[in-house]
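A short worksheet on the structure shown next.
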Amino acid sequence: MSANVVVYTTDYCPYRTQAKRLLERKKAPFTEVNVEERPDLRSWLASASGQRTVPQIFINGRPVGGYSDMSALDRQGKLDGLLAEGPSPDLAPLPA
């Protein structure tokens, strides 16, 4: 079973490529949601994550931060465990 991973990005987000590459190296399927033309999602994203920057990565509905944060989790040996967790059955879907 694998985690439900959602990566919120914009067109001109230099770290989105790095975030996606890290997830691909981990063989972790993810959904990319572009928030470039979606002020409603950008507003929700800032509220849900506490951050205004992108990318913002959610694993099983929990914000883990941007690429630097996810990379730090990987260096600490914590990312694989998060990616291996299956989504909770009562997990509300994230906006797309």
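List of remarks:
- The chain - percent relative contact order, Cα under 8 Å, separation 6 or more: 37 percent
- Bridgeable aspartates and glutamates around K26 (alpha carbons under 19 Å apart, same-chain partners fewer than 8 residues away excluded): D69, D74, D80, E85.
- P(r) of the chain over all Cα-Cα pairs, binned every 10 Å from zero, in whole percent: 17, 53, 28, 2
- Taking θ as phi - 60° and the Karplus parameters 6.51, -1.76 and 1.60, the scalar couplings of the stretch 10-15 work out to 10, 5, 10, 10, x, 8 Hz in sequence order, x denoting glycine and proline.
- Calculated [222 nm] ellipticity per residue, helices only, for the chain: -11500 deg cm²/dmol; basis is -39500 (n - 2.57) per DSSP H run with n ≥ 4, divided by all residues, nearest 500.
- Full-extension gain in nm, Y12 to S68, via 0.36 nm per residue minus C-alpha separation: 18.5 nm
- Loop-resident trypsin sites (Lys or Arg not before Pro) (DSSP state other than H, G, I, E or B) in the stretch 27-94 with no more than 10 further Cβ atoms inside 10 Å of their Cβ: K27, R52.
Quick note: the coordinates plus some simple rules give every number you see, no bench work behind them. Source: prediction; values computed, not measured. Using ideal geometry, Cβ is built from the backbone for each residue, glycine included, and neighbour counts are taken over all protein chains shown.
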